[in-house]
2 protein chains.
Amino acid sequence: KFQYAIKEFTVPLDHFSFLSNASFNIRYLYNDSYADKKNPQSPIFFYTGNEGDIEWFAQNSGFVWELAAKLRAVVVFAEHRYYGKSMPFGSDTFNSSKPEHLAYFTVEQTLEDYAMLITFLRDGRAMPAVAFGGSYGGMLSAWFRMKYPHIVIGALAASAPILQFPGLTPCEIFNRITTTVYQTAYNANCSVNIGKSWKAFETLAASDAGKKQLGDIFHLCDAIKTADDLNEFLDFLEDVYGNLAMANYPYNSTFLAPLPANPVRQLCFYLKDLHQNDGDLIRSMASALAVYTNYTGTEKCVDYKYSSSSTTLDNKGWDIQTCNQMVMPFCSNSSDTMYRTKDWNLREFSEKCYKKFRLTPKPYDIELRYGGNNLEAVSNIIFSNGLLDPWSGGGVLQAPNNQVHVIILPEGAHHLDLRQSNPSDPPSVVDARRREAAIIAEWINQA
Amino acid sequence: KFQYAIKEFTVPLDHFSFLSNASFNIRYLYNDSYADKKNPQSPIFFYTGNEGDIEWFAQNSGFVWELAAKLRAVVVFAEHRYYGKSMPFGSDTFNSSKPEHLAYFTVEQTLEDYAMLITFLRDGRAMPAVAFGGSYGGMLSAWFRMKYPHIVIGALAASAPILQFPGLTPCEIFNRITTTVYQTAYNANCSVNIGKSWKAFETLAASDAGKKQLGDIFHLCDAIKTADDLNEFLDFLEDVYGNLAMANYPYNSTFLAPLPANPVRQLCFYLKDLHQNDGDLIRSMASALAVYTNYTGTEKCVDYKYSSSSTTLDNKGWDIQTCNQMVMPFCSNSSDTMYRTKDWNLREFSEKCYKKFRLTPKPYDIELRYGGNNLEAVSNIIFSNGLLDPWSGGGVLQAPNNQVHVIILPEGAHHLDLRQSNPSDPPSVVDARRREAAIIAEWINQA
């Protein structure tokens, strides 16, 4: 859809020690066709790539392109190290017998990659750069402006949960918001049914015959044979609910899966009746789930084990990051939410991380470095948050000063404002983009 | 003179990768006797230790103590990793067969040590911390505020040459300022004599007898036997001229050596007459040099090879830092200055660094990370610079905005304002301290 040249840029493996001089290439996408060629000080719109193939973010961040056309900016989408094709150790990057390969997979190394790339692209010219990012990419945009204000004049951090860290935000907030989304999408029976389903699944799966039946009803790719399988399936359902809330856009999209417009409402349509009977409930759940797993009608089975995962978000890479710095506590309580009760336990989490990746999480690293709630000295960041987005609970919802802008989208899902304009956009999103464009234009004028 | 408890704090060896979980202890000095014990939000005055034993900085930064008494602050002096007793690998730290031990000797690692220490000392209390530092320590204070504004509410960066890096400041500026100091200290013959001396030394040292004579006249600890020895001796003289300009305080001091008040003037007294005769010139130089090398009259010989160096600044550690990040170009031109003509050559410099320490300097690292001249987004830093200080050429002399304060001390040598009050202080220093105190008190009031 959007056009660009694909380029590579060499960065040091480790920006912060003098242990090795190793380097590798990160990819970036480049388009200067909107820029005014006669203006040596064209703005640079720089997307701070997050957890996945950068081409996918380029295609899902239409606002950056629209605004670049309007403000005549060079467009750059930079791929995050350890994602897409930006692998520091090539195909050996995630070799589990070489855990030391994961050592340089951090926020700071990534931001420094971006700082070097912008400096290189600028080549001494005074081109004002603006950072853009959504979700984790939005966190990176915000942190980039905080730490490199001499490199980027400002940042649009869309749906950036920079407060979703230990001690800063209650761990149940994500699931509480998701529950609210399901309560209000069609009718309140939706979240009630989901809340009741966990027990129904357990009951059905208590017998081998029931396990078999569950696999058949849901068209699971892998049969449910053990308690672990069942749990994996239930975890998958929880993922789906969160993902659907995130991608709850007012038009068809392919953000996390091919989805209809207002997918939570679609799902909740199948759960509009309160079921007394476990069998009915479970069959309705199967129809509901298909909104996420098989909207195209072409999927053979439901891949709850992510074994042939074709998602464009790289869960593997993200798993690693949650095991070093991006330690985000999630918990839930069945009395407040449609979720099962689950505690957050850092010790257990750390042990799993060590077992999986030989990594010891540093849960307070991000707060120490980026300031947590203490954002008083920050300037020129737009934090936009949709209130339908479960991540908004960890977002910045109050401006610490008048140089930081908070834009709330009551009808917005996960970084809806960063997406291409669409006739179905709710007014709050149209208005948010208009305000964002004005603020960014002002930053550029003042640069 | 000033009292404190000596404590230790454990920090990770490498804050920025997940390669190793190794840790070690840095030292810090602690005194809470000035603090109001009933106030849980006492300010913390935090000296960001630089290249040397931290006790020495504590004793030479009397203003921090005086201001702490006035504003009832807890005083902390933190020792920089790789200096004093804060050795990451103990006595093996500088083992030249283990160059990898030097990998973590960087500004970023050091700042993160300090951020962790303040967070630990605060223990959850809202104690506003102010960073203090002089010279390289002042650079650290300024950068600390830039990167960790959530940790320190402001910084006093005294004589901090944060612009003394490639491409930011002309490499000859240090020697030009020093020359001016010698031109104006007693009479202009001083710098003229020094300018002529290089040739005179070369001429005398052309013969073996002359080399011997030179050693005798200057009471050198090591005889001058080769051209390299001579060059080392002349380099030593250049160091002395710079050091004397830095320590050109209006009262006796022991900053870089035991020195009289106004030592440059003292030295220049011996060079007040224009000598036509090389022998006379060289004998006068010997008397002049003794102002620096033997003010106490107790030194047996002049240690121009630094072989039994007792200086409290750690030249070895600093040499290493100039070979990784602190790449400061120095050059001089004999037509403008009293120095010999010397070029700055990064390639040669890098080769030497690699040979000595297996380190490849990154000359643009500091600019990339801390912004060079682009300080528009910076707040709550006081940059103070004495115009008699050769380092002022690389200092911030113009405020980028009204939240950054530049204080110029026309009669000030190297961070004179950071030293204890003295009856001989010139009015500009007294006034600078008064303004600094007011600004810092205001930061604390607003915190």
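Relative to the longest principal axis of chain B, what angle (0 to 90°, nearest 10) does the C-alpha long axis of helix B:227-246 take? It works out to around 50 degrees.
What the pair-distance distribution of chain B shows, using all Cα-Cα distances binned every 20 Å from zero, is 25, 57, 18, 1 percent. Element breakdown for region B:247-298 at a 1.4 angstrom probe: carbon and sulfur atoms account for 46% of the accessible area.
For the pairs B:272/B:355; B:98/B:305; A:212/A:352; A:85/B:98; B:211/B:342, flag any whose C-alpha to C-alpha distance is greater than 32 Å. Those over the limit are B:272/B:355; A:85/B:98. Using only the C-alpha atoms, the convex hull of region A:137-291 corresponds to 144 Å³ per residue. Against the longest principal axis of chain B, how steep is helix B:62-71, in degrees 0 to 90 to the nearest 10, with axes from Cα atoms? Helix B:62-71 sits at roughly 20 degrees to that axis. Taking a ≥ b ≥ c as the square roots of the eigenvalues of the alpha carbon gyration tensor, region A:251-312 is oblate, as a/c is not under 1.5 and a/b does not beat b/c. At a probe radius of 1.4 angstrom, the accessible area of chain A per residue rounds to 39 square angstrom. Translational diffusion of region A:1-110, estimated by Stokes-Einstein from the Kirkwood radius over alpha carbon pairs at 20 °C in a medium of 1.002 mPa s, is 142 µm² per second. Residue A:316 label point (Cα plus 7 Å toward Cβ) to equivalent points in the other copies: 4.7 nm, shortest first. Burial here means at least 50 square angstrom less accessible surface with every protein chain in place than with the chain by itself, probed at 1.4 Å; in region B:141-159 the buried residues are B:147, B:150. Across peptide B:366-379, the average count of Cβ atoms from other chains found within 10 Å of a residue's Cβ is 4.
In chain B, the DSSP beta bridges split such that about 40 percent are antiparallel, to the nearest 5. For region B:293-447, the C-alpha radius of gyration sits at 1.31 times the compact-globule guess of 2.2 N^0.38 Å, with N the residue count.
Amide hydrogen proximity for residue A:407: with H placed 1.01 Å from N in the peptide plane, the residues at 5 or more positions away or on another chain lying under 5 Å are A:383, A:384, A:385.
For region A:379-414 versus region B:368-447, the spacing of their alpha-carbon centroids is 37 Å. For the protein assembly as shown, taking Cα atoms only, Rg and Dmax work out to 32.0, 114 Å respectively. Computed over chain A, relative contact order equals 19 percent, with contacts defined as Cα pairs under 8 Å that lie 6+ residues apart. Where chain A is rotated onto chain B, the residue of A whose Cβ comes nearest the axis, and that gap in whole Å, is A:16, 2.
What's the Kirkwood radius of region B:375-447 in Å, using all Cα pairs?
12.8
Helical content of chain B, expressed as a calculated mean residue ellipticity at 222 nm, amounts to -12000 deg cm²/dmol (DSSP H runs of 4 or more residues, -39,500 (n - 2.57) each, divided by residue number, nearest 500). Spatially, region B:240-266 and region B:118-164 are offset by 28 Å when compared through their Cα centroids. For residue A:424, inter-copy separations between label points set 7 Å beyond Cα along the Cβ vector come to 8.2 nm, shortest first.
Of all aspartates and glutamates in the structure, the ones whose alpha carbon falls short of 17 Å from that of residue A:362, not counting any fewer than 8 places away in one chain, are A:100, A:108, A:319, A:348, A:351, B:14, B:112, B:113. Computed across region B:10-65, the Kirkwood hydrodynamic radius from all distinct Cα-Cα pairs reaches 14.1 Å.
The equivalent ellipsoid that matches the C-alpha gyration tensor of region B:102-206 spans semi-axes of 42, 16, 12 angstrom, in descending order.
With label points set 7 Å from Cα along Cα→Cβ, the inter-copy distances at residue B:98 are 2.6 nm, sorted shortest first. The accessible-area loss of region B:100-128 on complex formation, taken against its chain alone with a 1.4 Å probe, reaches 50 Å² or more at B:103. So, with a 1.4 angstrom probe, what is the percent of accessible area on region A:344-447 that is carbon and sulfur? Taking all protein chains in place, region A:344-447 shows 50 percent carbon and sulfur surface.
Once the gyration tensor of the Cα atoms in region A:153-202 is diagonalised, the equivalent ellipsoid follows with semi-axes of 31, 15, 8 Å, ordered largest first. Once the Cα atoms are used to define both axes, helix A:278-293 deviates from the longest principal axis of chain A by about 20 degrees. Buried surface for the B/A pair, taken as the accessible area of each chain alone minus that of the pair with a 1.4 Å probe, is close to 3000 Å² in total.
The values are calculated or read from the model by the stated rules, or taken from the named source; none is laboratory data. Because the structure is predicted, anything quoted here is derived from the model rather than measured. Neighbour counts are summed over all protein chains in view; Cβ atoms, including those assigned to glycine, are modelled from backbone coordinates with ideal geometry. Accessible surface is based on the protein model in full, side chains and every heavy atom, while ligands, DNA and RNA are left aside. Shrake-Rupley method; radii C 1.70, N 1.55, O 1.52, S 1.80 Å.
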